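The values are calculated or read from the model by the stated rules, or taken from the named source; none is laboratory data. Note that the structure is predicted; figures quoted are calculated from it, not measured. Cβ: placed from backbone, ideal geometry, glycine included. Neighbour counts: every protein chain shown. For the accessible areas, the whole protein counts, side chains as well, though only heavy atoms, and no ligand, DNA or RNA atoms are used. Shrake-Rupley method; radii C 1.70, N 1.55, O 1.52, S 1.80 Å.
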Amino acid sequence: MAHMDFHSLTSLDETLEKLAAYGSDATLVAGGTSARYLIMSGQVEAKAVLHIERLAEFAGITLNGGARLGALTNMRDIAEDTAIIARFASLATAAGKCGGWQTQSIATIGGNVCGASPSADLIAPLLVQDAEIELHSQARGSRTVALTDFLVAAYKTDRAADEMATAFHLPAQPGESADTYIKIQRRSAMERPIIGVALRLALDESGENIREVRIAVCGAGPMPFRASEAETLLAGQAPTDEAVRAASDAIIKRSTFRDDARASASYRAAVLPRAFAHALSLCRATIAGA
Amino acid sequence: MQTPHPVTATINGREETFEVIGLESLMDALRNRLHLSGTKEGCREGECGACTVLLDGKPINACIFIARAAEGREIETIEGLQDDLSSRIKQAIVETSGVQCGYCTPGIVVMLSGLLRRVEAPNEALIREALSGNICRCTGYAQIVDAVLDVVEQKAAAS
Ligand SMILES: Cc1cc2nc3c(=O)[nH]c(=O)nc-3n(C[C@@H](O)[C@@H](O)[C@H](O)COP(=O)(O)OP(=O)(O)OC[C@H]3O[C@@H](n4cnc5c(N)ncnc54)[C@H](O)[C@@H]3O)c2cc1C
Ligand code: FES
Ligand code: FES
């Protein structure tokens, strides 16, 4: 293997300076649970590794009506955070299902999203919160982008070579609402999702009709996506079997399914409507019980 | 050619300096450079938990952790876990026949020490969840879970 510089950084200024200097020759490594493999296997060519896991100021969760999660917050801390469990349950559930606890203790939310893997579990839950990602660079300071715009394609984001993601911003959740994440996998742990469905549901005052529903699906296309057609169909409606079926059809229409080692395309197409209906009924039950 | 690079970290309470190359894993450094072979090598990809060590008190997969990222930090391996709680976990695993070939055992003891230091009295569901990243091909886990429940019970009786 060729020579590779390695810098373990502890401040943002230092990191941004190195990013500016190395440009696209640098690879950021947070927990390294994906990045180390990508570099060692030659899939990513890194002339310099910038290890950012120690930037303590970007690890942690602050509540502000909504929530701000530092990009270096690890999965275990997200899964166990009582406020995240109460307000953004889908995110806590997804984080608690990314590998074993040993992986979750070092894998970060920033790495999960910036890796932009089609099967990244946190993306769908973040999409249903209308989350934004904040990035910093030395040349241009900070900018905040909607996650939908940040994720360009599989393994491709809108991050410029000199930028580091620093935080995720989750707006306050609408009142009378609940969210959930359903991960379809063959074992109950240690699997990437075959299908993932994140859903946030808000009901109107009557508690009968849907005020707003946000649906994001993973494993049904090249990248996780918001099923906006289905969302529109359900807005203002009572969630009757018929309405749910129509929404389900709209999600399927939007999806492309593939065969891979984990499951067949036809299995994915069969399981997605069930996962969606289940997510909807779980959210209704949570709201009714609250 | 990659030049070796020194790393200094506290390993089992002692400051150690060792040389590593490139993105060498903490597991390889522990086993091959510090000769701490209690940390086992299973899958080398974070799936089996045989290589579990504590980093600043948290269980991690040493096989996917970059050794150079351990600079200045505190690592505990199975060799260092001699405290009362860890000893009770080991004893309970022996008593419940939670060991067969033993390959997974160091990783499981490290994982459980990390869990029980942090959570006073985990229930069975939490114990199983905490162990989901530790693969045991022999025992089927039931005896290992029983061992932890025994330790929890002993702790409750003693207090
Ligand atoms: C055993 C095992 C099981 C797994 N199971 C799952 C699973 O079930 N679901 C799932 O979604 N994932 C899973 N993963 C993948 C896991 O690696 C990622 O989910 C993890 O979140 C990545 O975080 P990290 O901090 O380790 O990122 P790294 O590996 O350090 O980085 C990943 C990518 O993000 C970039 N990056 C990291 N941080 C930043 C930042 N702050 N700003 C800009 N770019 C950044 C890196 O340059 C790299 O391209 C698993 C991994 C392992 C080893
Ligand atoms: S060897 Fe590290 S998890 Fe298997
Ligand atoms: S005792 Fe053999 S793998 Fe667990």
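Using only alpha carbons, the range B:16-95 has a radius of gyration to Kirkwood radius ratio (Rg to Rh) of 0.98.
Convex hull volume of the Cα atoms of the range B:84-158, normalised per residue: 77 Å³. Round to the nearest 10 and give me the degree value, 0 to 90, for the angle of helix A:265-289's Cα axis relative to the longest principal axis of chain A. It is inclined by approximately 70 degrees. Using a probe of 1.4 Å on the protein chains alone, the accessible area found for B:Asp83 is around 60 Å². Backbone amide hydrogens, once placed in the peptide plane, bring A:Thr166 within less than 5 Å of A:Glu134, A:Leu135, A:His136, excluding anything fewer than 5 places away on its chain.
Karplus-derived 3J(HN,Hα) values for the range B:3-9, using 6.51 cos²θ - 1.76 cosθ + 1.60 with θ = phi - 60°, are 8, x, 10, x, 10, 10, 8 Hz; glycine and proline are entered as x.
If you take every residue apart from A:His3 with its C-beta less than 14 Å away from the C-beta of A:His3, what net charge results, scoring Lys and Arg +1 and Asp and Glu -1? The answer is -2.
For the range B:1-100, the relative contact order is 29 percent, taking Cα pairs closer than 8 Å that sit 6 or more residues apart in sequence and dividing their mean separation by the residue count. Radius of gyration over Kirkwood radius for chain A, both on Cα atoms: the Rg/Rh ratio is 0.99.
Charged side chains reduced to their Cβ positions (Lys and Arg at +1, Asp and Glu at -1) give the range B:106-159 a dipole of some 200 debye around its Cα centre. Our summary gives chain A a relative contact order of 15 percent, counting only alpha carbon pairs under 8 angstrom and 6 or more residues apart. When A:Phe225, A:Phe168 are compared by accessible area at a 1.4 angstrom probe, the order from most to least is A:Phe225, A:Phe168.
Can you pull out the trypsin sites (Lys or Arg not before Pro) in the range A:134-189 that DSSP calls coil and that have at most 15 other Cβ atoms within 10 Å? Kindly include the intermediate steps, with their values, before the conclusion.
On the way: sites: A:Arg140, A:Arg143, A:Lys156, A:Arg159, A:Lys183, A:Arg186, A:Arg187; in loops: A:Arg140, A:Arg159, A:Arg186, A:Arg187.
Those that pass, being in a loop and sparsely packed, are A:Arg140, A:Arg186, A:Arg187.
For chain B, state the semi-axes of the equivalent ellipsoid (square roots of 5 times the eigenvalues of the alpha-carbon gyration tensor), sorted largest first and rounded to whole angstrom.
Equivalent-ellipsoid dimensions as semi-axes: 29, 16, 12 Å.
Taking Cβ atoms as reference points and 13 Å as the exclusive limit, the residues near A:Thr240 contribute a net charge of -1, counting Lys and Arg as +1 and Asp and Glu as -1.
Relative to the 2.2 N^0.38 Å rule of thumb, the range A:142-259 has a C-alpha radius of gyration ratio of 1.22.
Evaluate the charge dipole of the range A:153-273 about its Cα centre and quote only its size in Debye, nearest 20, assuming +1 on the Cβ of each Lys and Arg and -1 on the Cβ of each Asp and Glu. Provide the component values of the computation, followed by the final result.
Details: 16 positive and 17 negative charges, 145 e Å.
Charge dipole of the range A:153-273: 700 debye, to the nearest 20.
Using the Karplus relation 6.51 cos²θ - 1.76 cosθ + 1.60 with θ = phi - 60°, the per-residue 3J(HN,Hα) values for the range A:197-202 come to 10, 10, 9, 10, 10, 10 Hz, with x marking Gly and Pro.
Chain pair B, A: how much accessible area is buried, both chains summed, with a 1.4 Å probe, in Å² to 100?
It comes to approximately 2500 Å² buried between B and A.
Using a probe of 1.4 angstrom and keeping all protein chains present, the accessible surface of chain A works out to 42 square angstrom per residue. When +1 charges are put on Lys and Arg Cβ atoms and -1 charges on Asp and Glu Cβ atoms, the dipole computed for the protein assembly as shown relative to its Cα centre reaches about 920 debye. Ranked by solvent-accessible area (1.4 Å probe, protein heavy atoms only, all chains present), the residues A:Asp241, A:Asp179 order from largest to smallest as A:Asp241, A:Asp179. With q set to 0.15 Å⁻¹, the log10 of I(q)/I(0) for the range A:185-251, from the Debye formula over equal scatterers at the Cα positions, is -0.54. Between A:Gln173, A:Gln138, A:Gln129, the GNM of chain A built on Cα springs shorter than 10 angstrom shows A:Gln138 fluctuating the most. From the residues A:Gly219, A:Ala172, A:Gly60, which one has its Cα farthest along the dipole of chain A in the positive direction, the dipole being from +1 and -1 charges on Cβ of Lys/Arg and Asp/Glu about the Cα centre? Checking the options against the dipole of chain A, the answer is A:Gly219.
Phi angles across the range A:212-226 convert, under the Karplus curve 6.51 cos²θ - 1.76 cosθ + 1.60 with θ = phi - 60°, into 3J(HN,Hα) values of 8, 10, 10, 10, 10, 10, 10, x, 10, x, x, 9, x, 9, 7 Hz, Gly and Pro given as x.
Ranked from largest, the principal axis spans of the Cα set of the range A:1-139 equal 47, 31, 23 Å. The heavy atoms of A:Arg245 present about 140 square angstrom of accessible area, all protein chains included, probe 1.4 Å. A probe of 1.4 angstrom, applied to the heavy atoms of all protein chains, finds B:Arg128 with accessible area near 110 square angstrom. Across the range A:70-143, Cα-Cα distances exceeding 16 Å account for 49% of all pairs. Local charge for A:Lys156 was computed over the other residues whose Cβ lies under 15 Å away, with Lys and Arg +1 and Asp and Glu -1, and equals -2.
Eigenvalues of the alpha-carbon gyration tensor of the range A:5-51, scaled by 5 and square-rooted, set the equivalent ellipsoid semi-axes at 18, 12, 7 angstrom, largest first. When the residues B:Ile78, A:Ile85 are ordered by accessible surface, computed with a 1.4 Å probe over the protein chains alone, the sequence from largest down reads A:Ile85, B:Ile78. Take each residue of peptide B:61-68, count the partner chain Cβ atoms within 10 Å of its Cβ, and average: the result is 6.
Principal-axis analysis of the Cα atoms of chain A puts helix A:241-254 at an angle of about 30° to the longest axis. Normalising the average separation of contacting C-alpha pairs (under 8 angstrom, six or more residues apart) by the number of residues puts the relative contact order of the range A:177-289 at 27 percent. Of the GluC sites (Glu not before Pro) in the range A:206-280, the ones in a loop by DSSP (not H, G, I, E or B) with at most 11 other beta carbons within 10 Å are A:Glu208.
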